[in-house]
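The values are calculated or read from the model by the stated rules, or taken from the named source; none is laboratory data. Model, not experiment: these values are computed from the prediction. Using ideal geometry, Cβ is built from the backbone for each residue, glycine included, and neighbour counts are taken over all protein chains shown.
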Amino acid sequence: MKKRLILVSILVFSFAFISGALASGHNADIKIGIILGFTGPIESLTPDMAASAELALKEASDSGLLLGGRKAVGVRADSTCIDAGAATTAAERLVTSDKVAAIMGADCSGVTTAIANNVAIPNGVPIMSPSATSPALTTIADNGYFFRTAPSDARQGQVIAQITAGKGIKNVAVTYTKNDYGQGLADSFSGAFKALGGKVAAVVPHEDGKADYSAEVGSLDASGADVLAVFGYVNSGGRHMIQTSLDSGAFGKFILADGMYGDSLMKDIDGDITGTFGTVPGTDSKGAQRFAVMSKSAKIKVGGPFTAESYDAAALLVLAMQSAGSTDGAAIASNIMGVANAPGEKIMPGELAKGLKILAKGGAVDYVGASNVELTGVGEASGSYKEYEVRDKAFQTVKFH
């Protein structure tokens, strides 16, 4: 009797061990980190960005084709957008505790750089940012692990300068949030605008989270500039620089970039900023139109900033896994460029099942996606931009560049 009990116990233990091994192995869910600033200066933008990435993961999972039927699930973490230490700690938890295979994020350039340098690259985890746009990230020593579906601000600055000059504006002042993103964009815009014959009368940085911005606005006003370019964040210092300018009568029209594009600006600003204009990454491609329909069905803001880029970042990660036939970080990273660019069957939003099937059979795909993906040699989007203008207290699309 004892022998039978012992034998039964051994069999039960063996079954439990094998089941656990299977659960932790090839049948387990594939975890993808989604690290964005759910608190901080762009917190009104990130919920839709995260939902867009999760939409791509669900699409791949529901197909039943990802690595033989595995599920890809997002694990959220807060980058704060501005606190590099907190962002690094959050990313470390994703890698060490949650055991993510890859990271979709981060959002703001400074925290993205910190996470890439301190966590992702040293641990061999591929990281794909949908919105970090600092030109400095183009030359990051990434060992082939860092990618971004957002274009560099080296290009955005040039586009904004061309739009500004095209409106006949000749004299501007510039304020920027004092970090990698703000500095890079301010430098790019100022250099391009001067090359087009424009004058940059003053450049004054601002800190996020201050109680009073009157000193900065006073310095900019004293420059005699006609328009103020605000390269900051919609839920923080950038908005306050606009409000202080309106309250003091210093400026009534502004030049903005992607960090200031959000419906909360229209809700929070007390005053009329009609004629204010700027840019945000975007395209009017067939992929963008398809994603707009998908977004509406998923209750994601149609045309929201960096939502298309977030969907595409997650989609590229799962397609690269399928191409590699593995969730190993190095294998994923080495397959991203292959699925992002030609040659191969073009894959649009909502067609991840098609892409996964082709890759499973050894074929090639060229992921076009929602943002018209084309990655340069360093793994970043070449970039298209939507020009917008404030009319009737809303952002109105003017055209695409």
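If you go through the stretch 93-106, how many residues are in a strand (DSSP E or B) and of a type in the set (Ser, Thr, Tyr)? Full working, then the answer.
To start, the set of residues in the stretch 93-106 that are in a strand (DSSP E or B) comprises 102-105.
From what's left, of a type in the set (Ser, Thr, Tyr): none.
Count: 0.
Select, from 135, 151, the only residue that is touching a Ser or Thr at 6+ places or on another chain (Cβ under 6 Å) and within 29 Å of residue 191 (Cα to Cα).
Details: 151 fails: touching a Ser or Thr at 6+ places or on another chain (Cβ under 6 Å).
Among 135, 151, only 135 is touching a Ser or Thr at 6+ places or on another chain (Cβ under 6 Å) and within 29 Å of residue 191 (Cα to Cα).
Could you please give the count of residues in the stretch 245-271 that are crowded, with 20+ Cβ neighbours inside 10 Å and under 30 Å from the mean Cα position of the chain (by Cα)?
Here the count works out to 11.
Out of curiosity, is residue 59 among the charged types (D, E, K, R), assigned to a helix (DSSP H, G or I), at pLDDT 95 or above and assigned by TED's automatic domain parsing to the domain that holds residue 110?
Values: among the charged types (D, E, K, R): yes; assigned to a helix (DSSP H, G or I): yes; at pLDDT 95 or above: yes; assigned by TED's automatic domain parsing to the domain that holds residue 110: yes.
Spelling it out, residue 59 is indeed among the charged types (D, E, K, R), assigned to a helix (DSSP H, G or I), at pLDDT 95 or above and assigned by TED's automatic domain parsing to the domain that holds residue 110.
Do the conditions hold for residue 356, that is, is it among the hydrophobic types (A, V, I, L, M, F, W, C), within 22 Å of the chain's Cα centre (by Cα) and part of a helix (DSSP H, G or I)? Step through it out loud before you land on a result.
Working: among the hydrophobic types (A, V, I, L, M, F, W, C): yes; within 22 Å of the chain's Cα centre (by Cα): no; part of a helix (DSSP H, G or I): yes.
No; evaluated as a whole, the condition is false for this residue.
Filter the stretch 111-130 down to residues that are buried (at least 24 other Cβ atoms within 10 Å of the Cβ) and within 19 Å of residue 208 (Cα to Cα), then give me how many there are.
2
Does at least one position in the stretch 148-159 carry a residue that is buried (at least 18 other Cβ atoms within 10 Å of the Cβ), touching a residue at least 12 places away in the same chain (Cβ under 8 Å), among the hydrophobic types (A, V, I, L, M, F, W, C) and assigned to a helix (DSSP H, G or I)?
yes
From the set of residues in the stretch 233-250 that are in contact (Cβ under 8 Å) with a residue 60 or more places away in the chain and of a type outside the set (Ser, Thr, Tyr), which is farthest from residue 110 (Cα to Cα)?
So the first thing to find is which residues in the stretch 233-250 are in contact (Cβ under 8 Å) with a residue 60 or more places away in the chain, and the list is 233-238, 241.
Retained after the next criterion (residues that are of a type outside the set (Ser, Thr, Tyr)): 234-235, 237-238, 241.
On the way: 234: 17, 235: 17, 237: 16, 238: 17, 241: 21 Å.
Among those that are in contact (Cβ under 8 Å) with a residue 60 or more places away in the chain and of a type outside the set (Ser, Thr, Tyr), it is 241.
How about the stretch 269-311: which of its residues are assigned to a loop (DSSP other than H, G, I, E, B), outside the structural domain of residue 172 (by TED's automatic domain parsing), touching an Asp or Glu at 6+ places or on another chain (Cβ under 9 Å) and among the β-branched types (Val, Ile, Thr)?
Within the stretch 269-311, just 300 meets the criteria.
Out of the stretch 68-92, which residues are on the phi > 0 side of the Ramachandran plot and in a helix (DSSP H, G or I)? So that I can check it myself, show each step before the final result.
Keep residues of the stretch 68-92 that are on the phi > 0 side of the Ramachandran plot, which gives 68-69, 80-81.
Scanning the stretch 68-92 gives a single hit, 68.
Matching residues to (1) of a type outside the set (Phe, Trp, Tyr); (2) touching a residue at least 24 places away in the same chain (Cβ under 8 Å); (3) under 23 Å from residue 400 (Cβ atoms); (4) assigned by TED's automatic domain parsing to the domain that holds residue 229:
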| site | (1), (2), (3), (4) |
| --- | --- |
| 140 | yes, yes, no, no |
| 166 | yes, no, yes, yes |
| 175 | yes, yes, no, yes |
| 196 | yes, yes, yes, yes |
| 199 | yes, yes, no, yes |
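Could you please find all residues in the stretch 238-268 being assigned to a loop (DSSP other than H, G, I, E, B), in contact with a helix residue (DSSP H, G or I) (Cβ under 8 Å, 6 or more places away or on another chain) and within 21 Å of residue 158 (Cβ to Cβ)? Explain how you work it out, then say what you get.
The first filter runs over the stretch 238-268 and keeps only residues assigned to a loop (DSSP other than H, G, I, E, B), leaving 249-253, 257, 261-262.
Still in the list and also in contact with a helix residue (DSSP H, G or I) (Cβ under 8 Å, 6 or more places away or on another chain): 250-252, 257.
Within the stretch 238-268, just 257 meets the criteria.
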